[in-house]
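What follows is a single structure, written as C-alpha cells, with notes after it.
The values are calculated or read from the model by the stated rules, or taken from the named source; none is laboratory data. Because the structure is predicted, anything quoted here is derived from the model rather than measured. Cβ coordinates were reconstructed from backbone atoms using ideal geometry, including for glycine residues, and neighbour counts include every protein chain displayed.
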C-alpha cells in the first residue's frame, strides 16, 4: 500500500498559446473523437491548451500502437518504429513533422515533457511487436506496464501541470492499474494472437506450468491467477486515488473520472468471473455519465 506524502503543490500555469496548424489540431481531435469513448469526453473537462496537448499525446500513442496492426511485414514495422524514434528527436530539436508531434511542440517547451518517456513508449511497442510474449516473469510484466502505460501517464501529468514526485507516483500507480485491467479484459483476444501476459510466477504458484495461451486459459486454476492479478490492479487503483487526493483538484477531474470508470470495469470483471473470456466487459454509458457527474463536475 502506498504511503501518502502530504505536501503543498502548486499547479503549473497554463501553457502559453502556441502556433499549431489548424489542420494538425483537427487531425488529432478527429482521431480522439472517432474512438467515441471515455477519453474524448473526459478530456472535454480540460482547459483548451491542455486538451489539445492531450489529444496530441493520444495521437502519438495511437500511431505507435497501430504499428503492429497496420504494417504487413516485420521489416516495415521495425522501420516505422525507427522513424518514430527519429521523429521524437526532431520534436525535441524543434523540427517535428507529424501532426501529433507538431501539436506537442508547445507542451514540450512549456510543460517539461521528457524525451525518455516518449522513447519508453516506443521501446515497449518494439518489444511487444518483436516477441510473442508468453507468461513473462513478474519483473518483466512490471517493465511491460512501465513502457506501455506508465510512460504515457508520466507525460500526461506534465501536460496537466502536476509535474511533482507525487504526481509521478500517481501516474505510475494508475498506469499499472490500467494495463493490468486491460490484460484481464483482453485474455481471449491476446491468446488468439499467441500472447499471454499473465506472469509465470503466479501461474506456477497456482499449479499451471504450461505457457501456451489457449492451454492456460482452459486450465481450471485460471480463476485463481486472474483473481490475484485483479486484486493487484485494484490496489494500484486505490493507491493512485489516494495520491491524487493530495494534489490540487484543478485539471485532475478528467483523471478522476477515468480512474473511477476503469476501476468500475475491473470490478465488473471480478464480479463476472473468468469464464466466457471472449466477451469483453464494458462500463455502460449511463454508469460513465454518473461517474462523470460525480467526479468531473461535483466532486473528486
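All of 120, 100 fail the test of being touching a residue at least 60 places away in the same chain (Cβ under 8 Å), in a helix (DSSP H, G or I) and not assigned by TED's automatic domain parsing to the domain that holds residue 210, apart from 100. Counting only residues that are outside any loop (DSSP other than H, G, I, E, B) and modelled with pLDDT of 85 or more, the stretch 67-94 holds 18 of them. Pairs are defined by a Cβ separation below 7 Å, a sequence spacing of at least 6 or placement on different chains, a first member in the stretch 272-283 that is in the same structural domain as residue 219 (by TED's automatic domain parsing), and a second member that is part of a loop (DSSP other than H, G, I, E, B); the pairs so defined are 272/281.
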